[in-house]
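**Q** Below are the structure tokens for one structure; questions will follow.
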Amino acid sequence: MKQEDISKLIQHGVSVVSAAYMQKNVQLIVKSAPSIIIQVDKERLIQVLVNLLSNALEFTPENRYVEIKATDKGESVLITVSDTGSGISPKDLPYVFERFYRGDKSRNRKSGGGGIGLTIVKKIVEAHHGSVWIESNHGTIVYIQLPKNLD
């Protein structure tokens with residue numbers, strides 16, 4: 001783990017998914033405070049960001065938007081990924097981090113993922129001594145809070 005600028009990691013994650021966003025005609029808005037330096041495993045955090053941005057795209061209809069934002073919270077950074085999709089059912093929300101859980105039981109692996117993406121996100125965030133949670137009403141917001149230093 002080393003010191004990294006979170007805005008550069010977000011830009012890297014955005015570059016991985018940007019073509020898919022353009023293809024679906026969904027706007028991706030990036031709002032990141034400059035020069036928030038955190039101690040992270042760069043590749044694993046990019047994996048988290050790409051997973052969350054991909055999930056947000058999957059559930060956001062055409063001509064809407066997804067926003068990713070990083071906010072300096074002093075000793076930590078708060079990253080949010082919010083979409084303008086239909087949201088997650090309140091009955092499904094408590095289970096979204098469980099392995100193989102998918103809210104839409106009718107989806108198969110061709111139309112949806114294997115149900116492990118958010119489980120991996122949670123494991124990586126926790127390995128960084130952070131926390132992750134989700135709020136959903138009209139659209140969904142995923143929050144990731146990471147300490148700036150792991151020492």
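The values are calculated or read from the model by the stated rules, or taken from the named source; none is laboratory data. As the structure is a computational prediction, the values presented were derived from the model and not from experiment. Neighbour counts run over all protein chains shown; Cβ positions are idealised from the backbone, glycine included. Note: accessible area is taken over every heavy atom of the protein model, side chains too, but ligands, DNA and RNA are not part of it. Shrake-Rupley method; radii C 1.70, N 1.55, O 1.52, S 1.80 Å.
**Q** In the structure displayed, which of K31/K73; K31/K122; K2/K24 lie more than 25 Å apart, Cα to Cα? Walk me through the numbers on the way to the answer.
**A** Numbers: K31/K73 15 Å; K31/K122 23 Å; K2/K24 35 Å.
Cα-Cα > 25 Å for K2/K24; rest within.
**Q** Please get the size of the charge dipole for the chain, origin at its Cα centre, with Cβ charges of +1 on Lys and Arg and -1 on Asp and Glu, quoted in debye to the nearest 20.
**A** Working: 19 positive and 16 negative charges, 91 e Å.
Approximately 440 debye in magnitude.
**Q** Here's another thing I want to ask about it. Given a 1.4 Å probe, how much area per residue of the chain is accessible, in Å²?
**A** On the way: 8450 Å² over 151 residues.
Value returned for the chain: 56 Å² of accessible area per residue.
**Q** Please give the residues of region 16-46, grouped as numeric ranges, whose backbone N is less than 18 Å from a label point set 7 Å along the Cα-to-Cβ vector of K69.
**A** It comes to 27-36, nothing else.
**Q** May I ask for the net charge around P61, where only other residues with Cβ less than 10 Å from the Cβ of P61 are counted and Lys, Arg are +1 while Asp, Glu are -1?
**A** Numbers: positive: K24, R64; negative: E62, D83.
It works out to a net charge of 0.
**Q** Here's a follow-up. Give me the one-decimal nm value for the distance between modelled label points at H129 and E43, 7 Å along each residue's Cα-to-Cβ direction.
**A** Label at H129, label at E43, 2.3 nm between them.
**Q** For E43, what charge total do you get from the other residues with a beta carbon under 12 Å from its beta carbon, if Lys and Arg give +1 and Asp and Glu give -1? Write down the numbers at each step before the final one.
**A** Values: positive: K2, K42, R44; negative: E4, D41.
Every neighbour counted, the sum reads +1.
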